[in-house]
Every structure is written in structure tokens, then in C-alpha cells.
Amino acid sequence: MPSSIFRSSLPLLAWAVLYYAAGYVSLLLDNPASRVAAVWFAAGVSVPAFLIMRRRLWPALFCLFLLASLLLGIQLGHDFGSSLVVSAISLLSDLATAWLVRRYQRPADELHGIALWVGATAVASAVSAVLGVAWLALTMDVPFADLIWVWWAANVTGVLFGTVVLLSLMRPGDAGSRPSPGQLALGLAAWMGLCASAWYLFEAGRLPGGTSLHFALACLPVGLAVVVTLACGNRAGALALLSLAIIVMHYSAGGSGPFFARGMRADESLLLAQCYLVAAALLQAFLRGLIRLAGRREGAAAVPGLMYRLDAATGRLWWDGTPQKALGLRSGALDTMQAALEQAHPDDRAALQAHWAASGQAMPSFAFRLAARDGGWVAILDEHATVIPDTAGAVVVGSWRRAAGRAWR
């Protein structure tokens, strides 16, 4: 029993350590006297952690992140009560972002998920910025109008960049395919070119070439990061983004590069550099979504559907095969509508029941999640469903097939 508790606690502790390290690096780059950091990569750790971990672990995860944030405040000599309030507001914003994404996402629709994630991040960060800066303005007499945008921008950029990198590393989506030697060579050459061009770009204050050339070069590292992703997969692309971020933030914090000009404050340069990194990360995310969408469309005809027949009056289900084996579902009978609803994800049960209760003859395609054989969730697409009138009551005939990708746990 103690060993099992330790194994279950280890991922939570690892997330907490990563959160602390990201917060420490953020404050090392920008240690503000105003208490509002222009860099906050810790938000890019907490949001993917909440997205990946099961909801029953969220309270423990929240408490560990809060302790890590308070420890950072103690190291900087901040007032404990103020640090507690500010840290709680920031973490509640991250928790709200993850909850919105998991609540309203559509299985097997990654582009919708990306748009939802960006919108939820912007809204939750705005609410936390208002509350957090208002608290600091009341207790520490800081300028509200100036700092609210710094809080919002730091949180948004931290979440967007960190989530893309961490989810690409931990859930690459291309684990089943290995790059060929030629692809590895191309990816390595692109990564080396990325590092070299980024170094030249952010040494702009000390190298010849002119401002126009340096701004034109800003597109080159981003394009090379895309090449790394296409050649070697999402994990390699995430490592390329991390390499770019290290170079960009190091030189921007030191007052060098195209995002630093005379008359600009250090935090303004850091915010511009983060926006540049977010643009690169979002390009990677949308590219991955488009590739998966194209792959699903090409492979839809090759993935056979499993036909079913549902008696709406009795709730009895008949299958043209074995759904557990064909779809990778958890063992257990699926001979009734109630049994299928019990194996559906809690957030999808009501929608699935309403889908089957449709009164029209032609029913739209419907995506939902079912319990998987390995303990997670399988994204299922119910398509070609039709309501057929019968003397004993309506009968629903349709087809289930496993959609590409996996839903959040």
C-alpha cells in the first residue's frame, strides 16, 4: 500500500517541481518590484497538468502548485498574505481554463479544441488580471491601469507556449511512426539552422546587416521549427521550440535582439519576445491539427464502421460484430442503451442520450467518448444514423467507428 501511494503521488510531485522551476526561471528573467511579472511560464505548466491529470487529482495538484508559488514568494521576500491571494487567483484562472477546455471540447475535432483553448485562456486570464491587480492596487498602491495588461499578457503567453510544448512532449500523437534516417538528417539540419539563425537574429545589436534584415530573419527560425516537426514529429518540434525559447528569452532579457529598442522598458521587450514565441507555438499547434484532420479524412474510408440497431422502445442494442474488440472498448456487455450510456464519459452521457432520442429520420454525425480497454477514453464517431419507423416503435440504425486521436482523461 505505501508503495502504491508513492507511485500515485510521484506524478503530482513532478508537476509541482516543474511548476516551481518554471516560476523560478520566469522571475530570474524578470524580477519585478511591482509584484506583476512580465514573464510567467509557470502558467504553461499548470494548465497542461490539469488537462492531463484526472479530475479527482485536481485538488491535490492545486495545493501543490499553491505551495510552490508561496515558496517562490518567500524566497523573494513578499508578504505571505498577499502572495497567497495572488497565487490563488492565478491558479484558479489556470484551473478554469483547463475546465472549460475539457468541458466543451469535441472529441476528434482538434481545430475546435485549439480555438476553445485560446479563447478560454484569454477570458480566464482577463478575469484573473482584473482580480489580481485590483487586490495589489488596494493593498500595495500599485498602478492598476498599467499592470493589468502586463498580468494578462504574461499569463496568456505563458499558457499558450507552455501548453503546446508540454502536450507535444507528453502526448505527441505520432508515437507509432518513426522518422527515417533521411528525415532525421533533415530534422537535425533544420534544428541547427534554427539555433544559428536565432542566435544571429538576437545578436542584432552587435552584428552587421541592418534592421530590415534582422526583422526578415525573424521568420526563418519559426519556419525551421516547422520543418523539424514535419520531419521528425511533434516531440522533436517541441524540443525545437524550447531551443528557440531559450535563445530568444536569454538575449531579450539581456537587452539584445529586434524586440529591444531604445526607450523601451525591459518588461516590454520580454512581452514582445513571448508574443513571438507564442506565434511559433500556435503555428505548430494549428499545423498539427490540420495534418490530423487531413489524415482522418483520408483514412475514414479505410476504417470500417460497426453497424448497430437500437430499439428505441426497449433500449435493446444489436451489433454487427463485437464492439469491444473492434473499437478497443472496456469489457462488458453493450446490449442495451443503458449499458452504453454507463460506459460513456460522464460529460457525454446526456448528449448521447439526446442524440439517440432525435425525432427526425436523418441524424447528424455525433462524436463522444467511451471507456477504453486500457483505462482511458476512446473517441467514437456515430455516423449515418437513421430513425426508421416500425410498428412496435422507432428503430435507430447507425454505425460506430473509432475516431483518430484520444480524448482527455
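The values are calculated or read from the model by the stated rules, or taken from the named source; none is laboratory data. No experiment lies behind these values; they were computed from the predicted model shown. Every residue, glycine as well, gets a Cβ built from its backbone with ideal geometry; the counts of neighbours run over all protein chains shown.
Test GLY162 against the stated conditions and say whether it is surrounded by 16 or more Cβ atoms within 10 Å (Cβ to Cβ), of a type outside the set (Phe, Trp, Tyr) and assigned to a helix (DSSP H, G or I).
On the way: surrounded by 16 or more Cβ atoms within 10 Å (Cβ to Cβ): yes; of a type outside the set (Phe, Trp, Tyr): yes; assigned to a helix (DSSP H, G or I): yes.
In short, yes.
Checked against the criterion of being within 16 Å of GLY162 (Cβ to Cβ), in the same structural domain as VAL165 (by TED's automatic domain parsing) and not aromatic (Phe, Trp, Tyr), the candidates SER83, SER46 yield just one match: SER46. Scanning region 89-116 for residues that are crowded, with 19+ Cβ neighbours inside 10 Å and of a type in the set (Gly, Ala, Ser) yields SER90, SER93, ALA96, ALA98, ALA108, GLY113.
The single condition among (1) farther than 26 Å from ILE52 by Cβ; (2) at pLDDT 85 or above that GLN343 does not meet is (1).
Here VAL159 meets the list (1) under 22 Å from LEU111 (Cα atoms); (2) modelled with pLDDT under 90 almost entirely, failing just condition (2). If the condition is being surrounded by 21 or more Cβ atoms within 10 Å (Cβ to Cβ) and more than 24 Å from ALA281 (Cα to Cα), then region 117-135 contributes GLY132, VAL133.
Do the conditions hold for LEU116, that is, is it assigned to a helix (DSSP H, G or I) and without any contact (Cβ under 8 Å) to a residue 60 or more places away in the chain?
So LEU116 passes the test.
At least 1 residues that are more than 28 Å from the chain's Cα centre (by Cα) and closer than 16 Å to ILE388 by Cβ in each: list the strands (runs of 3 or more DSSP E) lying fully within region 304-373 that qualify.
On the way: elements: 306-311, 317-319, 366-371.
Qualifying strands (runs of 3 or more DSSP E): 306-311, 317-319.
Taking region 93-111 as the range and being at pLDDT below 90, assigned to a helix (DSSP H, G or I) and either within 18 Å of ILE52 (Cα to Cα) or in contact with a Ser or Thr (Cβ under 8 Å, 6 or more places away or on another chain) (or both) as the test, the residues that pass are ARG102, ARG103, TYR104, GLU110.
The listed residues are TRP199, TRP191, TRP149, and the only one of them that is buried (at least 20 other Cβ atoms within 10 Å of the Cβ), in the same structural domain as TYR276 (by TED's automatic domain parsing) and either at pLDDT 85 or above or outside any helix (DSSP H, G or I) (or both) turns out to be TRP191.
Under the condition of being at pLDDT 80 or above and closer than 30 Å to ILE52 by Cβ, the residues counted in region 353-388 number 18. If the condition is being among the basic types (Lys, Arg) and either part of a helix (DSSP H, G or I) or modelled with pLDDT of 90 or more (or both), then region 33-71 contributes ARG55, ARG56. Specify the residue that is farthest from ALA21 (Cα to Cα); the eligible residues are those in region 133-169 that are among the small types (Gly, Ala, Ser) and free of Cβ contacts under 8 Å to residues at least 60 places away in the same chain. Only one residue fits best here, namely ALA145.
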